[in-house]
């Protein structure tokens with residue numbers, strides 16, 4: 001079952017966040033701040049434009065805000081995470097469809113999704129395409 005997260009879910013969200021962070025070839029090089037992640041979770045739960053969903057084995061974090069050039073709303077993801085042993089089933093599909101439904105309910109005219117963790121990037125890109133997302137660009141990074 002997918003549902004909006006509550007303050008009581010924050011410990012579980014933090015644990016999944018730590019697992020996602022540790023698994024990411026890109027982000028595991030950076031420090032994980034429990035305090036910062038908890039603060040963001042509280043903000044998304046409280047915000048009328050926050051989207052924080054939880055399932056038995058996964059989570060989705062995102063928000064809806066105006067584009068910098070427009071008053072129209074766009075939805076962006078922060079985290080889509082499913083525990084590794086539950087990938088390939090319907091868990092990620094349900095989380096992503098929950099995000100899409102919440103974004104539309106909040107008035108988003110554009111709904112974005114990305115995978116910047118470098119985990120299974122080709123498989124994840126194909127998954128996003130199957131859900132109906134279109135590839136719109138390329139993202140780059142470098143060490144500072």
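Rule-based calculations on the coordinates, nothing more; no lab input. Worth saying up front: this structure is predicted, and the values here are computed from it rather than measured. Quick reminder, even Gly has a Cβ in these numbers, built from the backbone with ideal geometry, and neighbours come from all protein chains shown.
Sequence-distant contacts, meaning Cα pairs under 8 Å at least 6 residues apart, place the relative contact order of the chain at 22 percent. Helical content alone sets the calculated 222 nm signal of the chain at -11500 deg cm²/dmol, taking -39,500 (n - 2.57) per DSSP H segment of four or more residues and averaging over every residue. Of 30, 53, 14, 44, the sequence from fewest to most neighbouring Cβ atoms within 10 angstrom is 30, 14, 44, 53. This ranking places 114, 28 by how few other beta-carbon atoms lie within 10 Å of each, fewest first, which gives 28, 114.
Exposure proxy shown here: for 113, 54, the number of other Cβ atoms within 10 Å sets the order, fewest to most, as 113, 54.
Hydrodynamic radius of the chain by the Kirkwood approach over all distinct alpha-carbon pairs: 15.8 Å. Normalised size of the stretch 39-86, defined as Cα radius of gyration per 2.2 N^0.38 Å with N residues, equals 1.32. Of all DSSP-defined beta bridges confined to the chain, some 85% are antiparallel rather than parallel. In whole angstrom, note down how far apart the Cα centers of the stretch 1-72 and the stretch 88-130 are. When both Cα centres are located, 14 Å separates them.
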